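Here's the structure we're looking at; comments come further down.
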Amino acid sequence: SQAHLALLLGFVMAPILFACYLIDCIQRRNRGESIAHVGIEFGLLSITLSLIVILWHFERIDAVMRLEHEIKQLDEDMERVVQQRVCIGDFYGANQTLVDFWTDRTVPWLDLLKEAHER
């Protein structure tokens, strides 16, 4: 994945940058300059160690992220199902009123007319 690739790239580049700063620091000291990159070097070392820990546990972190994405997708699906259920309930609720009217009012009147016609 892209996240894994970015972490691997950082893991490769941080030691290279550390080596460049270390070489630069050694060259400047040999020339008699007093510039040191100690803060940057310790920062790069800590970043490298952090990346090692993250990459070590990447599979577990990735699984958790996939599960969170799946939970979010299921929540969205559930919301759509609830909306669809409400729409269907409204539709059939209105139709049920017509069915009740037909069975309670119209059918008895038709039965009564049938009996009157038969006599």
* Asked: If you line up the long axis of helix 107-118 against the longest principal axis of the chain, both from Cα atoms, how many degrees apart are they, to the nearest 10?
  -> 20
* Peptides 3-12, 110-119, 93-102 ordered by average Cβ neighbours within 10 Å, highest first -> 3-12, 93-102, 110-119
* How much length, in nm to one decimal, is gained on full extension between ASP62 and MET13, taken as 0.36 nm per residue of separation minus their Cα-Cα distance? -> 15.4 nm
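Can you give the extra length, in nm with one decimal, that the chain gains between ILE35 and SER50 once fully stretched, where that is 0.36 nm per residue apart less the Cα-Cα distance? Kindly include the intermediate steps, with their values, before the conclusion.
Details: separation 15, 0.36 × 15 = 5.40 nm, distance 2.67 nm.
Extending this stretch completely gives an extra 2.7 nm.
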* Asked: Using 7 Å Cα-to-Cβ label points, what is the PHE101/LEU5 separation (nm, one decimal)?
  -> 6.4
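What are the semi-axes of the equivalent ellipsoid for the stretch 1-55, taken as the square roots of 5 times the Cα gyration tensor eigenvalues, largest first, in whole Å?
Numbers: eigenvalues 158, 20, 7 Å².
Ellipsoid semi-axes (Å, largest first): 28, 10, 6.
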* Translational diffusion coefficient, Stokes-Einstein: compute it for the stretch 73-119 using the Kirkwood radius over C-alpha pairs as Rh, at 4 °C and 1.567 mPa s, and state it as an integer in µm² s⁻¹. => 96
* **Overall dimensions of the chain by Cα: Rg and Dmax, Å** => 37.4, 128
* To do: Per DSSP H run of at least 4 residues, take -39500 (n - 2.57); add these up for the chain, divide by its residues and hand me the 222 nm value, nearest 500 deg cm²/dmol.
  => -31000 deg cm²/dmol
* Asked: Nearest 10 degrees, 0 to 90: what angle lies between the long axis of helix 2-30 and the longest principal axis of the chain (Cα atoms)?
  -> 20
* Structure fact -> For the chain, the charge dipole (Cβ of Lys, Arg +1; Cβ of Asp, Glu -1; about the Cα centre) points to a positive end, and the Cα of ILE88, THR48, SER34 closest to that extreme belongs to SER34
* Euclidean distance of C-alpha centroids, the stretch 74-97 and the stretch 4-67, integer Å -> 54
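With the contact rule set at Cα under 8 Å and sequence spacing of 6 or more, what percent relative contact order holds for the chain?
On the way: 32 pairs, mean separation 28.3, N = 119.
Relative CO of the chain lands at 24 percent.
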* Structure fact -> Projected area averaged over all directions for the convex hull of the alpha carbon atoms of the stretch 36-80, nm², comes out at 4.1
* Asked: To the nearest 10 square angstrom, how much accessible area does ASP90 have with a 1.4 angstrom probe?
  -> 110
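The values are calculated or read from the model by the stated rules, or taken from the named source; none is laboratory data. Note that the structure is predicted; figures quoted are calculated from it, not measured. Quick reminder, even Gly has a Cβ in these numbers, built from the backbone with ideal geometry, and neighbours come from all protein chains shown. Just the protein is used for accessible areas: all its heavy atoms, side chains included, with ligands, DNA and RNA removed. Shrake-Rupley method; radii C 1.70, N 1.55, O 1.52, S 1.80 Å.
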